[in-house]
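Read the figures in this text as sums done on the coordinates, not as results from a lab. Here the structure is a predicted model, which means the values were calculated and not measured. Methodologically, a virtual Cβ is constructed for each residue, glycine included, from the backbone with ideal geometry; neighbour enumeration extends over all protein chains shown.
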Amino acid sequence: MGRFFTDVARTHTASPRADAPWAEWHDWSLRDREAFWGALWRWTGVIADVLPGGDQWDAPLIGRGRMAPPDPLLGPLWFVGARLNFAENLLRRRDDGVAIVFRDERGVTRRLTWAELAGQVAATAGALRAAGVGVGDRVAGFLPNVPEAVIAMLATASIGAVWSSCSPDFGTQGVLDRFGQIEPKVLFCADGYRYAGKEIDCLARVREIADAIPSIQRIVVVPFLRDAPAVRDVARAMTWVEFTSPAQGAPLEFTRLPFDHPLYIMYSSGTTGLPKCMVHGAGGTLLQHLKEHRLHLDLRRHDRLFYFTTCGWMMWNWLVSALATQATIVLYDGAATAPDAAALWTLCAEERVNVFGTSAKFLALSEKAGVVPARSHDLSALRTILSTGSPLAAHSFDYVARDVKPGVMLSSISGGTDIVSCFALGNPLLPVHRGELQCLGLGMAVEVWNEAGHRVVGEAGELVCTAPFPSMPVAFWNDPDGARYRDAYFRTYPGVWRHGDWAEETPRGGLVIHGRSDATLNPGGVRIGTAEIYRQVEQLPEILESVVIGQEVADGAGGTDERIVLFVRLQPGIALDDALQERLRALIREHASPHHVPKVIVPVADIPRTISGKISELAVRDVVHGRAVKNADALANPGALALYRDLPALRV
């Protein structure tokens, strides 16, 4: 980041000086967005056509004052005239260095060099062309986190087709709710996957999916559980080798297309209805990820980046983009705690990982399990730890600094599938403050607004973005007039992106995420973020995890109020007795406020989560109030919902 600022200061007279404070550089990236994003493009060396005038675009931004949806005349339109290919920018290297490392929970390891990766992408792209896939066609992946998923995505992007993926833990209906909307021509899948030592077959679900989506003309099965899966039992199916072998030796070719040409179709969680299909453009995704990797993460050529994710979470897409920095990506498929609670730390040590990304939940569970990698593992190569998926509690900052690796850079990051990137994240030029995300992303006009639509600092409110950025969705699928797009982000504050996070700007420029706006609590008219309660609950070693909701109750005056209900999953052998409840309430009262103290605490055996691992507070709230959960197939463990139905402790 410092080198970037130095180069910009040398070539842009209106920019801050190279050693100016961070805040000045962030302000400049918003004030002169065209110059910032153009400078980033050049500094990162984006590969694209050179136009007759000698540049790679006609205009970096048209319609800087508009947000969305993109209007073909008014904007916002980014890098008009540019033509590029996403896969070409990720496959710059073709040497014998390692591009991909894959491991599973049994310790089985595969490695692909850059040359091997390029060769396999070329063969897969050739096979897709032979199958009739062309520009704009959809290709879907129902795959574990294996190298073939990366290869298939890059091959799809290389020919200008559109990639979309789900992880194999999705149920049949969850897959149909997603892929059924976009009508893919080819489906990549695996015969199964392993999780926590169990083998789970996928082919039965694949048959159901293929029968229900008539657009699928070819199914390509990656052998994972068996060397020779029974593909003959699936109509229109063949193995990966059968599909790609005829195109082995094909040249690696890239179709260059406009900056906003669709690259990915990604999905909302689907817990409140049919998932939204968000279309992300190739150029915006590439440029935003280059910014986050090269500048905010300080990722370097030859680094090793590992993010614990599945192909159904946007962090998979974010991880794969690190190939554009010529870093090695480390893939893992399986349970985070198989064969033991230190499994991921062992992977980091043995593979000499430089940047390790995970979830706040994993760090909290690692602490509760008593894992102390600083004493048990050689993490000398580890430079940075990333956390996202839910707010990272202050005690987890302490745990990492004390028990994982003193002095390691800990970056809590936050964004979303909606922007396939981050609004707030790390910064190698700034200190880390416990409980805070370090800074807002360069070029991201993020603020926190109160209900009156005014910016506030030091108090909680709605996270908004007031100016366009390149990785906004280019469209929603099957939304020709942009009505669903506008309704999703711009209904609350016209012309301003409302992200749906309940957050707080700190006076020093950091950010605290208090939870999702639609899950905030409102006891006695006081709005409370759920993360404020989770931060306290997680400190008790007796409690593994929790979920908190607001339950509607009569207020005694003919109206309704809301009381806080906390559900806790306890350590084995622990009972929720009066003493534990009082300790819990006292902790919340002392470190949050009396308003945060739950009226009812209920032990449960399981907590519903989305496929990407996020606690589904909305689903629990619906069950408690006797409402139907609109899309239980979006949950990884929908059976857990029954634990919350008709509980005597919640009768009012």
Query - Hits among aspartates and glutamates - C-alpha to C-alpha of residue 198 under 17 Å, sequence gap 8 or more where chains match - result: 104, 105, 169, 333, 340
Query raised in the report: Once you have the alpha carbon radius of gyration of segment 520-650, what is it after dividing by 2.2 N^0.38 Å, with N set to its residue count?
Result: 1.03
Query raised in the report: Tell me, what is the FRET efficiency for residue 95 and residue 248 to the nearest 0.05, using R0 = 30 angstrom and their Cβ-Cβ distance as r?
Result: 0.90
Query raised in the report: Taking Rh as the Kirkwood radius computed over C-alpha pairs, what is the Stokes-Einstein D of the chain at 10 °C in a medium of viscosity 1.306 mPa s, expressed in µm² per second?
Result: 62 µm²/s
Query raised in the report: How long is the gain from residue 561 to residue 481 if the chain were fully straight, where each residue apart is worth 0.36 nm and the alpha carbon distance is subtracted?
Result: 24.9 nm
**Report entry** Alpha-carbon centroid distance for the pair segment 553-589 / segment 139-183, whole angstrom
**Finding:** 42 Å
**Report entry** Protection proxy ranking, peptides 39-51, 416-428, 577-589, 283-295, average beta carbon neighbours within 10 Å, highest first
**Finding:** 283-295, 416-428, 39-51, 577-589
Query raised in the report: Are any of the pairs 368/405; 185/276; 361/405; 368/614; 185/614; 276/630 more than 22 Å apart by Cα-Cα distance, and if so, which?
Result: 185/614
Requested in this report: Report the paramagnetic label zone for residue 592: residues of segment 493-531 whose backbone N is under 15 Å from a point 7 Å from Cα along the Cα-to-Cβ axis.
Outcome: 502-503, 513-517, 519-531
Report summary line: re segment 2-75: pairs of Cα atoms spaced beyond 19 Å account for a percent value of 45 percent
